[in-house]
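The values are calculated or read from the model by the stated rules, or taken from the named source; none is laboratory data. What you see is a predicted model; the values in this text were computed from it and never measured. For neighbour counting, all protein chains shown are included, and Cβ atoms are generated from backbone atoms with ideal geometry for every residue, glycine included. When the accessible area is computed, the model is the full protein with side chains, heavy atoms only, and any ligands, DNA or RNA have been set aside. Shrake-Rupley method; radii C 1.70, N 1.55, O 1.52, S 1.80 Å.
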Amino acid sequence: MPEPTFDNACATADAIACLFGPRVEVVVHDLTAERIAHIANPMSQRSIGDPSNMHEIDLGEAPVIGPYEKVNWDGSTLRSISILQRRADGTAAYVICINHDQADLLALRRVADALGPAPLENVEPQVLLRNDWHDRLNSYASAWCRDRGVRIDALGRDDRRALIGDLSASGALAERHAAAYVARMVGVSRA
């Protein structure tokens, strides 16, 4: 196993920070000195030379610890992972901690949730087929396709026949002009 060097640990930290941008902080802990030896994209209010406090953590045998979550000084959530680098004799040399600030992703999730559709009531297609027949047919066909993991515009000949058969059995084709609508929907002739 090659001997880890401080320069390699710092280069790794700088490369990760460069690739992932300002929302990722990478800290190199020197386990011999028990100090923070390098920080790329500092955002945790820690400085080079601060105590690493790694002696308080059971590093175990695994070379990768995490991912895990922790809270940053400003209350933001960090998703972190740590990489233990050992010397040839097996003693721990450095820990490279990668801390990804989740604030932007969590804000984006809240916006997406706010803009998303309201939850639908779980209504059976047969119940839907009692009102507006266009919506009922669309809902039925959509549920039918979703249950089979296919899109309606990608149905093969056998799938189209099966869908039309199920629609017919449900009574959906009894509506005036329903057969022509279904034919257009699945891309077949009305006959």
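A few comments on the model shown:
- Restricting segment 62-105 to residues that are open to solvent by 60 Å² or more (accessible area, probe 1.4 Å) and among the aliphatic types (A, V, I, L, M) leaves a set whose member that is farthest from the chain's Cα centre (by Cα) is Ala88.
- Sub-8 Å Cβ pairs linking a first residue in segment 39-65 that is under 10 Å from Leu84 (Cβ atoms) to a second residue that is of a type in the set (Gly, Ala, Ser) and at pLDDT 85 or above, at least 6 apart or interchain, are Leu59/Ala92; Val64/Ser82; Ile65/Ser82, ordered by first then second residue.
- All positions within segment 141-169 that are surrounded by 16 or more Cβ atoms within 10 Å (Cβ to Cβ) and touching a Phe, Trp or Tyr at 6+ places or on another chain (Cβ under 7 Å): Leu163, Leu167
- Test: Arg110 is touching an Asp or Glu at 6+ places or on another chain (Cβ under 7 Å) and free of Cβ contacts under 8 Å to residues at least 24 places away in the same chain: no
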